[in-house]
Structures are given as structure tokens and as C-alpha cells.
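Novice: Below is a structure I'd like to ask you about.
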Amino acid sequence: MIQIKGLEKSFGRNHVLRGVDLDIRTGETMIIMGGSGSGKSVLLKHIVGLMKPDRGHVFVDEKDIVRSNEEELFAIQKRFGYLFQGAALFDSLTVGENIAFGIHNLRPEYSPKWKDIVVDKLALVGLKPEVAGLKPAELSGGMKKRVALARAIAYEPDYILYDEPTTGLDPIMSAVINELIIGLQKKLNVTSVVVTHDMNSAYKISNRIAMIYLGKIVAIGSPDEIRNTKDPLVKQFITGSAVGPIQMPVKAVE
Amino acid sequence: MIWVESLGQMVLNLAETLGRVITLWKKTFSFIAKGNVTPQVSFEQMSKIGVASFPVVGLTSLFTGMVLAVQSGYSFIKVFNEPLFIGSVVGLSLVKELGPVLTSVVIAGRVGAAITAELGTMSVTEQLDALYTLGTSPIRYLAVPRFIALLVMTPILAALADLIGIIGGFIVATIQLGIPSGVYWEEVQTWVDLNDVCHGLIKSFFFGLIIVTTSCYKGFGTSGGAEGVGRATTEAVVISMVLILVGDYFLSVVLVAMGIGG
């Protein structure tokens, strides 16, 4: 279980998180939705200890990662898989080496079988074994994302954090990724936290949806509760309306 | 009182930078001390940094030795009517100053820039964060091999630069200035001793430390996309070069005071 309590983070004068409280239960898929710049990705990075908050706590199975030292943090990070927004594949390594990277470091006992695991995980994300020998620069955007997902699940983490997993993918591949997230939850009882703008994907894969606005969680509920909400803030977001309480600072073209 | 405020801010920034550099050193050298290094990656970096820099370092030092011989030769002809002490001028200038400094400036431009650009690109594309989540410290995986490579290869390249520069001087001295080869080598041997060579090599070790610290620090701290990578790379090269030249003076003073190459 992940418990986030009173999380605050500023970058200079930009107060991104203003006291986030959120519980993510073991085995559930939690969606975090919100506008661009609302602090979704920053929140995700705090969960795995990539960022230190100014105030507040993040408990992973009752262990406060904010107060953990480097070794304790490393032990906790082992349990997380992270799919980065831009894939973040290592350019200097092949696809196979990228996928095997976490296996060698985090699950050395699987190291002798790494080649089989790579082929297996590539198949899981719909890629052929030949892709393993390519460099990331030779892949399309969608393929990079799938390889990144294969890398994040290769060492079988307990928690998987997805930063916009379907952004930039075609509708069919988005559906494949959605199915994969659902499959991982069902088969392995993986706990997932998914940051996304994609409402179709959110309804399909989640157990609960939380909305972040101006650095705070303003709504939380099941997909049906969110879909049928009367809250004007949430309603505007899920229907994608330009008119409503959320004002985007954009200049209309005259 | 705006200047007081900006002065205070400057002092704060400097203290923060210094603190971060010391943390980078502490972490890097503790990995090295514990033997927590990947020899294969370190050798790759040595080859990439050292061996690949050799042609340009060699060419630079060859022509530096040649131009030193030309300049000192014709100046001394004007004063003494004959080219005296060419071997000593070329040898001492190269071994104590120009070999280490020019080699380091070339490495800062060629290698320091590449390190900052590579680490900076990794930083803005979240590859450094990915390393963390995959159980590896970016300092262990990226900084440690580069520190080892530069700390080992800069003095080696500087030593080779000394040798090639002296050979450059020899070519000009014997062919252009008509000095007998025995006289040139005798001057070099008489005036340049092991202490002078150590003086230059110790300095080049510290120049290597300046380059790798600046380029890793700037690379790890890069933000702001492609523009940020460009800015960080330029800053890393400029700061390295300025620190090398400023550091050269202070290192020379300290080494001479310690009796090394006085």
C-alpha cells in the first residue's frame, strides 16, 4: 500500500504540490488525471523517491521513503517499475540490454536467463525477438514506449508507475497497452499508478480515479462515480470542455 | 542596496555549487575506494577519452614544440648571434607548462564537452531517473568510469605531449636552425630533470580532475531540453578552461614551494 500524506513541493516560486493526500491500495490500478503542469508527473516521481518533497510523507508498505537513507531507498526502489513519459531508453545500449538492465541489477538470480526473459517480455508488448538487437534510435516512438514498458516489467516489480503510457501511440497500440496493464494487475496482482490524460484508457483500466488540480487531489472515486460526477471541475476535465471553472491561460486567435 | 542583495545571492550560489561538487566527489571517490567500479566500462572510457584524443593532442604538441624552437631560435640569434639553449627552452616550457596546459585545454574542448552533452541529454530525457529506478546510481554508472578515465589518461597524454613537443623542437632545431642533434638533446637533458616532469604531470592530474568534475557536474544538472544541453556544454568548456588556467598559477606556486620543479 502506498500512502501519500500532505505532500508539498515547490520549484522556485512555482508551488507545484500543495498538500497531496492519497492512498493507493495493494493490487489496485489508480489513475491520476489532471491538466498539463498540474503536478502529476512530479507526484509520481515522489512515490519512487526520485524527488524529495519540501514537506509531507510517502509511505510504501508503512516505510517512509522520505526519511529513508540511500540503502533503504534502493531496497524500496527495487519493488517499483517505472514507465517514463518519453520512454527514457539508454541510447548507448541495445533494446535487449535495456530490458536486461534491471534484471542484472535488481534480480541477479534471473541474470543467467536474461536472454529468454527479454524475448518473453518483448512478445508481451507485441514485439519480435529481432528487435532486441536494435538501438533505441532505430525505433519508432510507439516501439520505444513498448520497449520501455518491457524494461519496467522485466524484473517483476510489485508496483508499476506509468507516466502517460498511451500518449503518442495509435489507438490500437493504446488498446494493447491498456490490456497489458489490466493483465498485469490480474495475473500478478501488481499495484499500478497511471498518470494519463486519456479518459478512455482511464475508464477501461482503473479501479479508482483521482483528479489533481492546483497541486491538490480534488476528486477521487470509481470510474463510474467520476463519469457521473456533478462536480463542475471534474466534469469539465473529463468532457474536455474549454468552458468551466478550469481556466487555461491561452490567448484566442483573433 | 541591490548590490548587497546580488552579492549575497552570489555567495549563496557559490556555496551551494561548492557543496554539490564536494558531494559529487565524496560519492564518486567512495565508490572508487570500495572498488565498486565496472572495469570494462572504465576501459571503454579510457579508450574513448584517451586513445581517441591522442592524434589531436599529438598534433598540437608537435607544432607547439616546433614553434617554440623557431621563436626562441631566431630571438637568441638576434641576441647572441647563434641559437643557444633551444633544447632547454623547448624542454622546460613543454614539460612544466605547455604540455600539461595545452593537453588539458584540448581534452576540455574535446572530451569535457562530449561528457556534458551526453550526461545532459540523459538528464533531460529522464535517462538518469531511469538509472535510479533500475537500481543503479548514475554516479557509479556514469561518473566513476569517466573520473577514472580522465584522472589516468590526462597525465599520460600530457607526458606524450611533452615527448612529441620536444621531438617537434628537435626537428626545427636540427633542420631549420642547423643545431647538431647531440647539442639539442644534451640541452634538454641538462635542464629538464625528473622533478620538472613531475611538476607538469601532477598539474595535469589536477587539470583532469577539473575537467571531469566540471563536465559531470554540469551534465548531471542539465535541464531545459536541447537548449539546456547546449548551454550546459558551453558553460562546462568555458569554466574548465578558465579553471585550468587560473589553477595552473596556484598549482605552480604550491608545487614550487614544495620543492617540486622549482
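Novice: Quick one: in the range A:77-133, of everything that is among the hydroxyl-bearing types (Ser, Thr, Tyr), buried (at least 16 other Cβ atoms within 10 Å of the Cβ) and without any contact (Cβ under 8 Å) to a residue 60 or more places away in the chain, which residue is nearest to the other protein chains (Cβ to nearest Cβ)?
Specialist: Looking only at the range A:77-133, we keep the residues that are among the hydroxyl-bearing types (Ser, Thr, Tyr), and these are A:82, A:92, A:94, A:110-111.
Of the ones still in play, those that are also buried (at least 16 other Cβ atoms within 10 Å of the Cβ) are A:82, A:94, A:110.
Checking the rest, the ones that are also without any contact (Cβ under 8 Å) to a residue 60 or more places away in the chain come to A:94, A:110.
Working: A:94: 15, A:110: 13 Å.
Per the criteria, the residue is A:110.
Novice: Taking residue B:87, is it at pLDDT below 95, of a type outside the set (Lys, Arg), farther than 22 Å from residue B:205 by Cα and crowded, with 24+ Cβ neighbours inside 10 Å?
Specialist: Numbers: at pLDDT below 95: yes; of a type outside the set (Lys, Arg): yes; farther than 22 Å from residue B:205 by Cα: yes; crowded, with 24+ Cβ neighbours inside 10 Å: yes.
Considered against the rule, which asks whether it is at pLDDT below 95, of a type outside the set (Lys, Arg), farther than 22 Å from residue B:205 by Cα and crowded, with 24+ Cβ neighbours inside 10 Å, residue B:87 comes out as yes.
Novice: Among the numbered criteria (1) more than 10 Å from every other protein chain (Cβ to nearest Cβ); (2) not in a loop (DSSP other than H, G, I, E, B), which single criterion is violated by residue A:74?
Specialist: The single condition residue A:74 does not satisfy is (1).
Novice: If you don't mind, there's one more thing I want to ask. Tell me, which residue of the range B:13-59 that is out of contact with any Ser or Thr (no Cβ under 9 Å at 6 or more places or on another chain) and assigned to a loop (DSSP other than H, G, I, E, B) is modelled with the highest pLDDT?
Specialist: Among those residues, the one meeting the criterion is B:34.
Novice: Can you pull out every residue in the range B:188-236 that is farther than 29 Å from residue B:26 by Cβ, buried (at least 17 other Cβ atoms within 10 Å of the Cβ) and within 20 Å of the chain's Cα centre (by Cα)? Let's see the steps before the verdict.
Specialist: Keep residues of the range B:188-236 that are farther than 29 Å from residue B:26 by Cβ, which gives B:188-197, B:225-227, B:230.
Cutting the leftovers down to buried (at least 17 other Cβ atoms within 10 Å of the Cβ) gives us B:188, B:192, B:196-197.
B:196, B:197, listed by residue number.
Novice: Now, a different point. For the range A:77-101, give me each residue that is outside any loop (DSSP other than H, G, I, E, B) and modelled with pLDDT under 90. Break it down into steps so the answer makes sense when it comes.
Specialist: First pass over the range A:77-101, keeping only residues outside any loop (DSSP other than H, G, I, E, B): A:77, A:80-83, A:95-101.
Correct list: A:77 only.
Novice: Those residues that are closer than 13 Å to residue B:102 by Cα and either surrounded by fewer than 17 Cβ atoms within 10 Å (Cβ to Cβ) or more than 23 Å from the chain's Cα centre (by Cα) (or both), I need them from the range B:35-61; list them, please. Outline the logic, then answer.
Specialist: Residues of the range B:35-61 that are closer than 13 Å to residue B:102 by Cα, as a first pass: B:53-54, B:56-61.
Of everything in the range B:35-61, those that are closer than 13 Å to residue B:102 by Cα and either surrounded by fewer than 17 Cβ atoms within 10 Å (Cβ to Cβ) or more than 23 Å from the chain's Cα centre (by Cα) (or both) turn out to be B:54, B:56, B:59.
Novice: A further question follows. Can you find a residue in the range A:181-188 that is under 23 Å from residue A:237 (Cβ atoms) and in a strand (DSSP E or B)?
Specialist: No, the range A:181-188 contains no residue that is under 23 Å from residue A:237 (Cβ atoms) and in a strand (DSSP E or B).
Novice: Looking only at the range A:30-55, count every residue that is out of contact with any Lys or Arg (no Cβ under 6 Å at 6 or more places or on another chain), buried (at least 17 other Cβ atoms within 10 Å of the Cβ) and part of a strand (DSSP E or B) and tell me the total.
Specialist: Residues flagged as out of contact with any Lys or Arg (no Cβ under 6 Å at 6 or more places or on another chain), buried (at least 17 other Cβ atoms within 10 Å of the Cβ) and part of a strand (DSSP E or B) within the range A:30-55 amount to 2.
Novice: Restricting to the range B:90-122, name every residue that is of a type outside the set (Val, Ile, Thr), crowded, with 22+ Cβ neighbours inside 10 Å and within 14 Å of chain A (Cβ to nearest Cβ).
Specialist: B:119, B:120, B:122 - these are the residues of the range B:90-122 that are of a type outside the set (Val, Ile, Thr), crowded, with 22+ Cβ neighbours inside 10 Å and within 14 Å of chain A (Cβ to nearest Cβ).
Novice: Exactly one of these conditions fails for residue A:143: (1) assigned to a helix (DSSP H, G or I); (2) touching a helix residue (DSSP H, G or I) at 6+ places or on another chain (Cβ under 6 Å). Give me its number.
Specialist: (2)
The values are calculated or read from the model by the stated rules, or taken from the named source; none is laboratory data. What you see is a predicted model; the values in this text were computed from it and never measured. Backbone-built Cβ (ideal geometry, glycine too); neighbour counts: all protein chains shown.
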